[in-house]
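The values are calculated or read from the model by the stated rules, or taken from the named source; none is laboratory data. All figures in this text were calculated on a predicted structure; none of them were measured in a lab. Cβ coordinates were reconstructed from backbone atoms using ideal geometry, including for glycine residues, and neighbour counts include every protein chain displayed.
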Amino acid sequence: MGGCATSSAASPARQAPEPGYGSPSSAGTGRCSGRARILASNEKLFTTATALDRLGAKSRIETAVYAKGAIKGSTLRGPLFLVGGGDPALGNGGVRALARQVRGAGIRRVEGGIRADDSVFDRRRGVPDSDWGYSPYIGALLSGLSFKGAGRRGDPAKAAAAALRKWLRRSGVGVKAGVHRGTAPRSVLRRDPVAKHNSATIASLIAATNKPSNNFYAEMLLKRIWAKPGRRGTTKGGAKAVRRFARRWGAKVRAVDGSGLTRGNRASPQSVGHLLSAMQRHDDDGAFYDSLPVAGQEGTLDGRMEGTRAAGRCRAKTGTLTGVSALSGYCNTKGGRVAFSILMNGIDVNRAHVLQDRMAVAIARYRG
């Protein structure tokens, strides 16, 4: 079985014991700690940290409705454009709110139907591991306009537009014609939207990514990182942004997707440790820390380390692929907050969990 580990004291910056693997060593070092390993879902640490940095913890992702054409009385002679911003969590609540706002704007009839605009992202629906198509491990097709994480068939953007039409009708707004794909013209986008819905904050979205290890959210956030006016969000672009962000903080990562599904995502425990320590100095450090599941209590760590010194004191991101297991995060100890990273490749996953849990408990007992 192969494994690499590192630990470092993030706050205060003092030495911490090596988690397992023999005698204590200096902070930030450990057995083969500089060797790059397959990250699995520990890649989400890099993705969500970059999302916080690029987008901001308090920012939100907007989905908007624009009207094209003249409004005669209460009738819109043209279509409504539903323009996605890459919100991974758009569901019935958001679409219902959009429909009510359209009615509140005085529109009672739409003659031109609904046009679905997902142009904020490219139309690659998967990741390299799935040859850019549907992946059952993501569970939905990636799209700049998605509704309830629409599944493997059909068009996610048109599914969102169909949901809007349904809620418009329930709100008393008649919609003639059907649902079609379409990119809103710049002349339309220069107007004020007739309705808009903001997602939960980025801080909330990264928590919804890291705690349950949600692959769909991670991949959507990666594309959103790269998107800006005049540039579509792409997986390759988002991965480039992640690599740049990591490098800025003294970490190296080979990022190829946002979730860690692709085995090409690699970094050393030392680099993961650098990222974790750096995020404790970031303006949005609290949002990043709070996004990680608590040992023995929630998310992917629910049921692990219960009744131990680590329970309630350690927060960490898990990672699992065939023959790959990872655990990286923080433990609050009497000697300060300790950042650690344990990356194991070529191992039995169940046995790896036992070893990782023992290491986390050892770190949690650190006294400084």
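For the stretch 3-52, enumerate the residues that are in a loop (DSSP other than H, G, I, E, B), of a type in the set (S, T, N, Q) and either at pLDDT below 50 or not assigned by TED's automatic domain parsing to the domain that holds residue 317 (or both). Don't jump to the end; show me each part of the working.
Step one: list which residues in the stretch 3-52 are in a loop (DSSP other than H, G, I, E, B), which gives 12-28, 30-36, 39.
Now narrow it down to the ones that are of a type in the set (S, T, N, Q): 15, 23, 25-26, 33.
Answer for the stretch 3-52, where residues must be in a loop (DSSP other than H, G, I, E, B), of a type in the set (S, T, N, Q) and either at pLDDT below 50 or not assigned by TED's automatic domain parsing to the domain that holds residue 317 (or both): 15, 23, 25, 26.
Restricting to the stretch 326-368, and then to whatever is under 19 Å from residue 275 (Cβ atoms) and of a type in the set (Gly, Ala, Ser), can you tell me which residue is farthest from the chain's Cα centre (by Cα)?
Filtering the stretch 326-368 for residues that are under 19 Å from residue 275 (Cβ atoms) and of a type in the set (Gly, Ala, Ser), the one farthest from the chain's Cα centre (by Cα) comes out as 336.
Name the single residue, out of those in the stretch 245-290 being closer than 27 Å to residue 313 by Cα and among the charged types (D, E, K, R), that is modelled with the highest pLDDT.
That would be 290.
Here is a yes/no grid of residues against (1) modelled with pLDDT under 95; (2) at positive phi:
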| residue | (1), (2) |
| --- | --- |
| 114 | no, no |
| 118 | no, no |
| 122 | no, no |
| 130 | yes, no |
| 134 | yes, no |
| 148 | yes, yes |
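Taking the stated definitions as given, is residue 146 touching an Asp or Glu at 6+ places or on another chain (Cβ under 8 Å), in a loop (DSSP other than H, G, I, E, B) and of a type in the set (Gly, Ala, Ser)?
The answer is yes for residue 146.
Looking only at the stretch 125-153, count how many residues are among the aromatic types (Phe, Trp, Tyr), crowded, with 17+ Cβ neighbours inside 10 Å and out of contact with any Gly (no Cβ under 8 Å at 6 or more places or on another chain).
Count: 0.
With respect to the numbered conditions (1) out of contact with any strand residue (DSSP E or B) (no Cβ under 8 Å at 6 or more places or on another chain); (2) of a type in the set (D, E, K, R); (3) within 26 Å of residue 104 (Cα to Cα), which one is the sole condition not fulfilled by residue 176?
Failing condition for residue 176: (1).
If we keep just the residues of the stretch 322-359 that are part of a loop (DSSP other than H, G, I, E, B) and on the phi > 0 side of the Ramachandran plot, which is surrounded by the fewest Cβ atoms within 10 Å (Cβ to Cβ)?
Applying the filter and picking the extreme gives 346.
For the stretch 95-132, which positions are among the charged types (D, E, K, R) and not in a helix (DSSP H, G or I)? Break it down stepwise before answering.
As a first pass, look at the stretch 95-132 and keep what is among the charged types (D, E, K, R): 96, 100, 103, 108-109, 111, 115, 117-118, 122-125, 129, 131.
Of everything in the stretch 95-132, those that are among the charged types (D, E, K, R) and not in a helix (DSSP H, G or I) turn out to be 108, 109, 111, 115, 117, 118, 122, 123, 124, 125, 131.
Which one of these does residue 319 not meet: (1) assigned to a loop (DSSP other than H, G, I, E, B); (2) buried (at least 22 other Cβ atoms within 10 Å of the Cβ); (3) not polar (S, T, N, Q)?
(1)
Just checking, does the stretch 166-181 include any residue being aromatic (Phe, Trp, Tyr) and more than 26 Å from the chain's Cα centre (by Cα)? Show your work before the answer.
Residues of the stretch 166-181 that are aromatic (Phe, Trp, Tyr), as a first pass: 167.
Next cut, more than 26 Å from the chain's Cα centre (by Cα) only: 167.
Scanning the stretch 166-181 turns up at least one residue that is aromatic (Phe, Trp, Tyr) and more than 26 Å from the chain's Cα centre (by Cα).
Among residues belonging to the stretch 61-94 that are assigned to a strand (DSSP E or B) and charged (D, E, K, R), point out the one that is farthest from residue 108 (Cα to Cα).
Across the stretch 61-94, the extreme among qualifying residues is 62.
For the stretch 98-124, give me the residue count where each residue is surrounded by fewer than 22 Cβ atoms within 10 Å (Cβ to Cβ), within 30 Å of residue 265 (Cβ to Cβ) and touching a helix residue (DSSP H, G or I) at 6+ places or on another chain (Cβ under 8 Å).
2
Across the stretch 53-81, which residue is surrounded by the most Cβ atoms within 10 Å (Cβ to Cβ) among those that are at pLDDT 95 or above and among the β-branched types (Val, Ile, Thr)?
Only one residue tops the list, namely 63.
From 296, 307, 303, grab the single residue that is surrounded by 18 or more Cβ atoms within 10 Å (Cβ to Cβ) and on the phi > 0 side of the Ramachandran plot.
Working: 307 fails: surrounded by 18 or more Cβ atoms within 10 Å (Cβ to Cβ); 303 fails: surrounded by 18 or more Cβ atoms within 10 Å (Cβ to Cβ).
Being surrounded by 18 or more Cβ atoms within 10 Å (Cβ to Cβ) and on the phi > 0 side of the Ramachandran plot holds for just one of 296, 307, 303, which is 296.
Going by the structure shown, is residue 50 more than 20 Å from residue 123 (Cα to Cα) and either among the hydroxyl-bearing types (Ser, Thr, Tyr) or surrounded by 22 or more Cβ atoms within 10 Å (Cβ to Cβ) (or both)?
Yes: the conditions hold for residue 50.
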